[in-house]
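**Q** Here's a structure for you.
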Amino acid sequence: MTHPRQAPRTTAAVLAAALVVLTAVGCSSKARSTDDAGPGADGVKSGKGVTDTTISVGALTDMTGVYATLGKSVTQAQQLYVKQVNAAGGICGRRLELTVRDHGYDPQKALSAYTELEPKVVGYMQFIGSPFVAAVKQRVDSRDRGLVLPQAWSASLLGSPYIRVLGSTYDIETINAVDFLVKEKGLKAGDRVGHVYFEGDYGENALKGSKFAAGKAGLTIVEQKIKPTDNDMSAQVAALKQAGVKAVVVSAGPRQAASLVGVAAATRFLVPVIGNNSAFAPQLLGTQAGPALEKMYWFASPSLPIGADTQAAKKVVADYRAAYPNDGLDNGIVAGWTAAGVFGEALKRACDAKDLTREGVDRALLTLNAYDAGFGVHDFSDPNAPSSRESVILRPDKSVPGGMRTVRGPLVSDAAKGFTPKAG
């Protein structure tokens, strides 16, 4: 789902410095969140991003950085959704507008783009990057209050009525992944499991999950922390091989996962490897690592794959192929389409309640307790919980649409049922 280049300045210091500037700019405006314009001619209250004719929504994406492949698929799926909604008459008699900004996974660009769009949109259908979303969380919660649906699954984003995680968080997802290794790949008490993970929110949240699952199953986690700029996993494979691990968990990007699996196969280190949802892109199946990925790699996903055997999924595939005939299929489409559908449904329910202010949209989202766009069921009634605890275990397979085959359907492991993700 992702692509290999990481902006080198993704550090806590840069984020902190950028956030100071962002907050200073934000605090120079009114403390109110929506500039409530009152009821329009149709009796519907409106605020920022909403007029009598349009509803403006933002998308803060990565089209040129480490998650470029994901960003492109998410964005195109959402643009397709908006086009279809408008062709059907819009929402609440208003045309839906999606304004896209590419931050290239650069923290300063991400925060600047958020500040630029904040006065102009009712909320964000997309925001890629857990660290960047976390950096604006306090401002969103205390003053802006525009709905944010991040393409990020860190538990630190929980606890906000305005920033809502779609699907299982990384920690829960990793618990479910380890459960798969135990039940399907023969791990047993006393075994050692390697965990290669990105420094920062994503990898470290996943590590909490692997450690929790290991404690329940009597396993030992052997850690290998890496940076997003580390693309050759030879040293990590050598260390894990030396440690005698029986399986490996990967919470990194597609390039790192492909390097790890490729090096492991070449050195006859033939243990099962399982990654988080961000650690695979179907494009990898066309590289030298492709055969090894098909033989010894699995990954956990918060949703069914793009090639799911549901009528809704098949329609999305057909419509996407018609709109973008030169582009492949991946789960970024699923993430983008699901988020767009959730945001659109919240807007429709807010319209029914005659309140398209930001607060009205946020309240409307709380009423979605069984939303399904064809790839899994989501419950948004509790801001302290992810919308689902289920994970689907997928396996790379170039013979199926999207290059991903389901090997275990949506399931919550017993360990994940008893785990409480820590909200930020």
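**Q** Taking 8 Å as the Cα distance limit and 6 or more residues as the minimum spacing, I'd like the relative contact order of region 102-191 as a percentage.
**A** Rounded, it is 20 percent for region 102-191.
**Q** Relative to the first principal axis of the alpha-carbon coordinates of the chain, what is the inclination of helix 107-117, with its axis defined by its Cα atoms, in degrees from 0 to 90 and to the nearest 10?
**A** The helix 107-117 is inclined about 20 degrees to the chain.
**Q** Here is a follow-up. Quick one: Cα centre-to-centre distance for region 203-271 and region 298-322, in angstrom?
**A** 28 Å
**Q** Right, something else. Roughly speaking, what is the stretch gain from residue 398 to residue 288, that is 0.36 nm per residue apart minus the C-alpha to C-alpha distance, in nm to one decimal?
**A** The span from residue 398 to residue 288 would gain 38.3 nm if fully extended.
**Q** Let me ask something else. Helix 234-243 versus the longest principal axis of the chain: what is the Cα-based angle in degrees, 0 to 90, to the nearest 10?
**A** Taking Cα atoms only, the helix is inclined about 60 degrees.
**Q** While we're on this one: Under the rule of at least 5 residues apart or a separate chain, name every residue whose amide H is placed under 5 Å from the amide H of residue 124.
**A** 58, 147, 148, 149
**Q** Estimate the FRET efficiency between residue 141 and residue 420 by the formula 1/(1 + (r/R0)^6), using the beta-carbon distance for r and 30 Å for R0, to the nearest 0.05.
**A** Rounded to the nearest 0.05, the efficiency is 0.90.
**Q** Next question, about the same structure. Write down the percent of antiparallel bridges among all DSSP beta bridges whose residues are both part of the chain, to the nearest 5.
**A** Here the antiparallel bridges make up roughly 30 percent for the chain.
**Q** Right, something else. Karplus couplings for region 206-223 from phi (6.51 cos²θ - 1.76 cosθ + 1.60, θ = phi - 60°), rounded to Hz, Gly and Pro as x?
**A** So the J values, rounded to whole Hz, are 5, 4, 4, x, 5, 5, 5, 5, 5, x, 5, 9, x, 9, 10, 8, 9, 7.
**Q** Residue by residue, what Karplus-based ³J(HN,Hα) values in Hz, rounded to whole numbers, does region 345-362 have, using 6.51, -1.76 and 1.60 with θ = phi - 60° and x for Gly and Pro?
**A** Result, rounded to whole Hz: 5, 4, 5, 5, 6, 5, 4, 4, 8, 6, 8, 9, 6, 4, 5, x, 5, 4.
**Q** Please check: in the Gaussian network model of the chain (C-alpha springs, under 10 Å), which one of 117, 270, 284 has the largest mean-square fluctuation.
**A** Residue with maximal mean-square fluctuation among 117, 270, 284: 270.
**Q** Taking H as built 1.01 Å from N, whose amide H comes closer than 5 Å to the amide H of residue 219, not counting residues under 5 places away?
**A** The list, which skips near neighbours in sequence, is 190.
**Q** How far is it, in nm, from the label point at residue 88 to the one at residue 42 when both lie 7 Å from their Cα along the line to the Cβ?
**A** The two pseudo-label positions are separated by 1.5 nm.
**Q** Could you work out the local net charge near residue 189, counting Lys and Arg as +1, Asp and Glu as -1, over the other residues with Cβ closer than 13 Å to its Cβ?
**A** The answer is +3.
**Q** If you build a Gaussian network model of the chain, linking Cα atoms that sit under 10 Å apart, which residue out of 70, 394, 285 swings the most?
**A** In the Gaussian network model the winner is 285.
**Q** Follow-up. Provide the per-residue ³J(HN,Hα) series for region 56-61, in order, calculated from phi with Karplus coefficients 6.51, -1.76, 1.60 and θ = phi - 60°, each as a whole number of Hz, with x at glycine and proline positions.
**A** Working through the residues one at a time gives 9, 10, x, 9, 9, 10 Hz.
**Q** Separate question: By how many degrees, 0 to 90 and rounded to 10, does the Cα axis of helix 254-266 deviate from the longest principal axis of the chain?
**A** 10 degrees
**Q** Turning to a different aspect of this structure: Amide H of residue 55: which non-local residues (sequence gap of 5 or more, or other chain) have their own amide H closer than 5 Å, using H built in the peptide plane?
**A** 95, 96, 97
**Q** Something else: Label residue 407 and residue 326 with points 7 Å out from Cα along Cα→Cβ: what is the distance between them in nm?
**A** Computed distance between label sites residue 407 and residue 326 equals 3.5 nm.
**Q** While we're looking at this one, here's another question. Report the label-to-label distance for residue 229 and residue 54 in nanometres (one decimal), using points 7 Å from each Cα along the Cα→Cβ vector.
**A** 4.0 nm
**Q** For Cα pairs less than 8 Å apart in space and 6+ apart in sequence, what is the mean separation divided by the residue count of region 277-358, i.e. the relative contact order in percent?
**A** 24 percent
**Q** A follow-up question, please. Calculate, for residue 120 and residue 266, the FRET efficiency according to 1/(1 + (r/R0)^6) with r their C-beta to C-beta distance and R0 45 Å; round to the nearest 0.05.
**A** With a Förster radius of 45 Å, E is 0.30.
**Q** Return the FRET efficiency for the residue pair residue 192, residue 315: r is the Cβ-Cβ distance, R0 is 45 Å, and the value is rounded to the nearest 0.05.
**A** 0.50
**Q** Then there is this: Take 261, 140 and order them by how many other Cβ atoms sit within 10 Å, fewest up front.
**A** So the ranking, lowest neighbour count to highest, is 140, 261.
Read-outs throughout are calculated quantities, based only on the coordinates presented, and are distinct from any laboratory measurement. Computed from a prediction, not measured in an experiment: that's the story for all the values here. Counting neighbours? That spans all protein chains shown, and the Cβs are built from the backbone with ideal geometry, glycine included.
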